[in-house]
1. Looking only at the chain, where both bridge partners belong to it, what percent of the DSSP beta bridges are antiparallel (to the nearest 5)?
2. Which whole-number percent is the relative contact order of the chain (Cα, under 8 Å, 6+ apart)?
3. Among H533, H279, which comes first, second and so on when ranked by fewest other beta-carbon atoms within 10 Å?
4. Considering only DSSP states other than H, G, I, E and B, which trypsin sites (Lys or Arg not before Pro) in segment 145-182 qualify as loop sites with at most 16 other Cβ atoms within 10 Å?
5. Taking a ≥ b ≥ c as the square roots of the eigenvalues of the Cα gyration tensor of segment 1-157, is the shape rounded (a/c under 1.5), prolate (a/b larger than b/c) or oblate?
6. At a 10 Å Cβ-Cβ cut-off, how would you order Y322, Y163, fewest neighbours first?
7. Can you put M344, M529, M411 in order of Cβ neighbours within 10 angstrom, beginning with the fewest?
8. In whole angstrom, how far apart do the alpha carbon centroids of segment 128-174 and segment 479-555 sit?
Amino acid sequence: MMATANDDIFNIARTLSVAAKDDPNRLAVVARHLPDSKGRTTLTYAQLDEDSSRLAGGLLANGFNIGDRVVVMVPMGLDFFVTAFALFKARLVPVMVDPGMGLKRLLLCLAEGRPKGVIGPPLVHLVCFLWPKYFATVKYRVVLTRLPVVFGLKKFSKLLTDYPPLPEQETLASETAAILFTSGATGPAKGAIYDHAMFRAQVASIGSNFGFQKGGVDMATFPLFALFAPALGLTSVIPNMNPIKPGQADPKKLLLSLEAEKCDSLFGSPALLKRLADHGQELSLVLKGVKRIITAGAPVQPTLAAKVSELLEPGAVLVTPYGATEGMPLTTVDQNEIAAARGMTEQGFGMCVGKPLPGISLAILPISDQPLTNFKDTQLLPVGEVGEIVASGPVICQSYFEKPKETALTMVTGPDGRLWRRMGDLGWLDAQGRLWFCGRKSQRVVTAQGPLFTVCCESIFNNHPKVRRSALVGVGPAGQRKPVVVVEPITCLNQEKWRELVGELKKLGQANPRTRAITNFLKRNSFPMDIRHNAKIGREKLAIWATKQVDGDRI
C-alpha cells in the first residue's frame, strides 16, 4: 500500500529500532532458567533489532506476503520477542491465542484466524498434521528445533541467520498489526483487531501513566504485556515460571529473579501476587528497589492489596488498571485508593477502579443484552446508578476479526460520532468521576425481584474470616433465577462446622439490602478459574455445577 503525504506512518517495531540506536548494548530481554535453556540468556537491543530484522527478511523470502496472518505459538523466551517484532517489521499479522484454553477451543480459534503460516515448536506442527482441517489455509510452517526438518517445514534458526536484515518498511498506522484472541473466560474467544496506532497509544499511555522510564528493568509474567517493555526502552526479565499457570508460580524463583536482575517493576496477575504476598508475609520480606507492581486480569481484593503493600518500600506503588483485551488501560487505581474505598467495597458498592486516564471517556448505559447502534437509542445513567460500562479512546479496538455480529453488539456510536465499546461489564460512576466495577454483565443474576451483581454481593460474604472467596450464581429459569452463593472456605469444614458457617453467612446477608434475598449457600473446595490470569472465577461453570446440586428448594 502506497502512503500519501497525509497518511499517518507508524510501525510499532519502530520503537525497538529507535531504542537500539540510542543504546545498542542495553539488555532488552533476560530469560532466567527457562525449561528450554540453561542458566541465563540475554539479548541486547542491538541483537533483538538485528535478529528480528533478519527473521523478517527470511519470512518474506520464503513465501510469506505482507498482510498474511501468522499463528504464533512460540514459548515465552528470547525467540518470542524476536518473532513478534519480526512479524511487525515484515507487516505480517501475528495471531495470538492462549495455549492453555484447551485443544478444542484452541483449534477453533486458530481456524477462525485463517492463518497463512504457523510458527512454533515441533508439538504445534504435530497438531497441524493430526487435525489438518483446522489449518486448511496454512501454507508455510516454521519450526523451532535443532533437529533436521521434514514435510516442508522451515527451520526458525535458518530463517534467522541465512537472510539479510529487512529494511524498515513504510507502514500505515491504521494497518492491522495483530489479532489478539480474548481468553474466552466469560464467553466464546474472539479475535480483537489491533492496528499500529492502537499499539502506539497503549505504549504512550502505559509509559506516562505508570511512571516507566527508559533504562528500567521490568519482570513481566504475562507474554503480551512483556512485549511493551522493549517499546518502552525497558529490560524485560522473564522469570522461571509457566506463564499459563501464574497461580502456581514459585515465589522463591520470582524473588530470585527480582533481586538478581535488580527489577524496579513487576507485572503479575492477582493470583501470582497472592502467592508472592503470602510467601513474603511469612518471611517479613520487603521488595527492595521495586518501585511499582502492576496487576491486571481481575479486580484486586482490598485484602490482597493490603498484603502486597506490605512488601513495598516507602514510595513504591501497587497499581491496577481497568481494561480488557479489547482496550487497556482505561483507568488506574493504587493501593491507597483501594484502601480508602475498602469500606464501601465490603458493603457491596463494588470495587473502585479509579478515574479514566487522559484520552479515555467513560459512560454508563442502561443494562441491555440487545444491539445498540447509537446513544440516541438509549440514555446515559446518572451518577451513582449501576449500568453497563461503555468507553471510548485510542487504546480501544473497534472490531473483532470476521465477527460482524459480535462487533455490532459491542460497538455504539456516541453523540460526537466516535465509536464507543460496550465493555461487557457493569458499574457506576461516583461524583468524583471514579468508576466502580460491579461484575460482568453476562454473570449478573436476574431474579424475580431484580438483578444481583456478582462483585457487589460477593464482597459482602468475603468479609467473613472463614471465607476464602465466594461466587454468586443463578439457578432456574431466565428472569427468575434463584441466587446461590458458592463458598470456598479457608479450611476444610465438616458438616457441623459448615452449617454453623451457613447460619453466620445468612445473618451477614440479611444485614445488607443487596444480599437480603440470598439464602442458599453451597460449599466447594476450589473454584474453576480463567486460563490466562488464573484470577477470574468461572461462574458459568459454577452455575452448571450448582444447578446439579439443587433439588427444588433444597440445597
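FYI, it's all coordinate maths here, none of it is from the lab. Here the structure is a predicted model, which means the values were calculated and not measured. Every residue, glycine among them, receives a Cβ derived from its backbone with ideal geometry; neighbour counts consider all protein chains shown.
1. 60
2. Relative contact order for the chain comes out at 11 percent.
3. Starting with the residue having the fewest Cβ neighbours, the order is H279, H533.
4. Here the trypsin sites (Lys or Arg not before Pro) that fit, given the DSSP loop and packing criteria, are R146.
5. Judged from the Cα gyration tensor, segment 1-157 comes out oblate (a/c at least 1.5, b/c at or above a/b).
6. Placing the least packed residue first, the sequence is Y163, Y322.
7. So the residues, fewest neighbours to most, are M344, M529, M411.
8. Centre-to-centre distance over Cα atoms comes out at 48 Å.
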